[in-house]
Structures are given as structure tokens and as C-alpha cells.
């Protein structure tokens, strides 16, 4: 009890909270400003010096964006949603299954294969982009949504995280399931996969965000306007309506909604993983 009233303890706790609050404000301030600015008129946005809060909030920017037939917003959301969901789901399955195999099985070349996978973490995507593009052309996937999914399915970081997590699980449970007659895939599906929930939730959010915000690769392989994704839409919209910043800001806020939805849905598993990591 005396520790809680020690001057150094009180100072360190206060300093920690001040740093956390300052970091939170520094992180959220740009988003809050963009959100508030999306309710301003274009004349107010161009005012010098700029204002933080809108003087006369208006929904005109959002109404204009949602009713603009040139951009076909539902179609763009559909494209990005299909790509992000498919890429996230398949990546989680491949990463968790590969991590389980590397953690629990012995086979020739295991360390070599795992080292090759980890080597991807040190190679920027721009280095292998041309070979991947040539393979995509040979597969006939150019200007198809599958071109945004298939080349990105093997996530080295995801395999590494899954392997480390599976190695921390008690092997007795898997052996008991094997003795009871469970198949190897059944052990993975019914025993290992449910235990990977917190890790896969965090990995899923990172994968979903990476897919949702990916701009460079869709710019290369997507050529048809009807197959655009959200980042391509925002760049095109900013070139078409660059003089009206309110419309661009409103469109940006709308495209962030799915990210927040996914985060709040997976928040419980993220907190659980953080709690488990703290006690390890």
C-alpha cells in the first residue's frame, strides 16, 4: 500500500499517463480534423487561417458523394469487400495451417522452407513485383479481382505468428485427440484452430487493412473502371474533384467505415491476445 503513495511511483505513473494521452491526441488529431472538415463547405475549407470546427456543419459533401453516379460507390465497395474478405480468409487459413505444420511436424527441409518463407519479410514487394506481374499475366488474371487475391495469399508474418502460437499450445491435447481417432486435419480444425482465435484476429485486421488500402498492385493489374477498388477510386476522385476538398474528405471518411467495423468486431480477441501475451 505504501508503494502507491511513494513520490517516485506517483510521478512515474503520472508521466506514463501523460505520455499515453499525448500519443493518443497526436494519433487521433489528424483523423478528427479530417472528419470535422468533411462537414465544412468548400469556401470554409479554403479559408486562411483554417478553422478546426465547422461554423455551419453540412451534409452536402456526403450527399453529393453518395449520389454521384460516375463513381458507382456500391460497386467499388463490393470489389474491395470481396477482395479483402477473400484475401483475409484464405490468408488466415493458409498461415494457420502452415504454422501448425511447421510447429508440430518434422520433415526433410523443414528449416530450409521456413527460412525461405521468413526471407520474404526482408524483401520489399517492389523487388518481386515484376516477376509476380509476369506470373499474373501468364495465369490470365489481369483486370480480374483474383489478381488482387492469389498473389498475396502467402503471408510470411502470418506463418511465423501462427507457428509461434502453436508451439505454445500443450501437445498433450493434440496427442489425446490423435489417440481418440481424430485425423490430422481434424486435430488442426477442431483443436488447434479454436486456440488461435486471438492471434488470427490480430492478423486478420492487419491483412484486411492491407488489402483494403492497397494501391500500388491494383493500379498495375486493374484497368477497367468497374473493377476499381477503394484506393483507386480515391485517387481518381481527387483528380476529378481536387478543387472541392470537401467531397474528397467525405469520400475518404466513407471508405474508412469498414475498417472500423472490422476492428470493433475483432476487438475482444485482440484484447485477449494482449492479455495472454502479458502473462507469458
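Would you confirm, using the coordinates I've provided, whether residue 173 is within 18 Å of residue 110 (Cβ to Cβ) and either in contact with a helix residue (DSSP H, G or I) (Cβ under 7 Å, 6 or more places away or on another chain) or surrounded by fewer than 19 Cβ atoms within 10 Å (Cβ to Cβ) (or both)? Can you show your working first?
Numbers: within 18 Å of residue 110 (Cβ to Cβ): no; either in contact with a helix residue (DSSP H, G or I) (Cβ under 7 Å, 6 or more places away or on another chain) or surrounded by fewer than 19 Cβ atoms within 10 Å (Cβ to Cβ) (or both): yes.
No; evaluated as a whole, the condition is false for this residue.
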Next item on the list: Among the numbered conditions (1) in a loop (DSSP other than H, G, I, E, B); (2) crowded, with 19+ Cβ neighbours inside 10 Å, tell me where residue 162 comes up short.
Entry: (1)
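Looking at 223, 255, can you tell me which residue is in a loop (DSSP other than H, G, I, E, B) and at pLDDT 80 or above? Reasoning before the result, please.
Numbers: 255 fails: in a loop (DSSP other than H, G, I, E, B).
Being in a loop (DSSP other than H, G, I, E, B) and at pLDDT 80 or above holds for just one of 223, 255, which is 223.
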Next item on the list: Could you check residue 85 against (1) at pLDDT 85 or above; (2) exposed (fewer than 14 other Cβ atoms within 10 Å of the Cβ) and say which number it fails?
Entry: (2)
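Scan 155, 143 and give me the residue that is in contact with a helix residue (DSSP H, G or I) (Cβ under 8 Å, 6 or more places away or on another chain), exposed (fewer than 13 other Cβ atoms within 10 Å of the Cβ) and within 28 Å of residue 262 (Cβ to Cβ). Spell out the reasoning first.
On the way: 155 fails: exposed (fewer than 13 other Cβ atoms within 10 Å of the Cβ).
None of the others qualify; the one that does is 143.
Of all the residues that make up region 198-219, how many are loosely packed, with under 15 Cβ neighbours inside 10 Å and in a helix (DSSP H, G or I)?
Within region 198-219, the first condition is being loosely packed, with under 15 Cβ neighbours inside 10 Å, and the residues that meet it are 215-216, 219.
Filter again for in a helix (DSSP H, G or I), leaving 216, 219.
Summing the residues that are loosely packed, with under 15 Cβ neighbours inside 10 Å and in a helix (DSSP H, G or I) in region 198-219 gives 2.
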Checklist line | Subset of region 247-267 (residues that are in contact (Cβ under 8 Å) with a residue 40 or more places away in the chain and over 17 Å from the mean Cα position of the chain (by Cα)) | finding: 247, 249, 250, 251
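Can we say residue 38 is over 30 Å from residue 175 (Cα atoms) and surrounded by 12 or more Cβ atoms within 10 Å (Cβ to Cβ)?
Values: over 30 Å from residue 175 (Cα atoms): yes; surrounded by 12 or more Cβ atoms within 10 Å (Cβ to Cβ): yes.
Yes; evaluated as a whole, the condition is true for this residue.
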Check: Taking only pairs six or more apart or across chains, which ones have beta-carbon atoms under 8 Å, a first residue in region 120-132 that is surrounded by 13 or more Cβ atoms within 10 Å (Cβ to Cβ), and a second residue that is assigned to a helix (DSSP H, G or I)?
Finding: 120/156; 125/216; 125/217; 129/216; 129/217; 129/220; 132/151
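Results for (1) within 24 Å of residue 212 (Cβ to Cβ); (2) at pLDDT 90 or above; (3) in contact with a strand residue (DSSP E or B) (Cβ under 8 Å, 6 or more places away or on another chain); (4) surrounded by 14 or more Cβ atoms within 10 Å (Cβ to Cβ), shown as yes or no for each residue.
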position: 79; (1), (2), (3), (4): yes, yes, no, yes
position: 102; (1), (2), (3), (4): no, yes, no, yes
position: 138; (1), (2), (3), (4): no, yes, no, no
position: 169; (1), (2), (3), (4): no, no, no, yes
position: 177; (1), (2), (3), (4): no, no, no, yes
Next item on the list: Could you run through region 39-84 and say how many residues are assigned by TED's automatic domain parsing to the domain that holds residue 240, free of Cβ contacts under 8 Å to residues at least 12 places away in the same chain, part of a helix (DSSP H, G or I) and more than 15 Å from residue 250 (Cβ to Cβ)?
Entry: 2
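The values are calculated or read from the model by the stated rules, or taken from the named source; none is laboratory data. Just so it is clear, the structure is predicted and the values come from calculations on it, not from any experiment. Because the Cβ atoms are built from the backbone with ideal geometry, glycine has one as well, and the counts that use them run over all protein chains shown.
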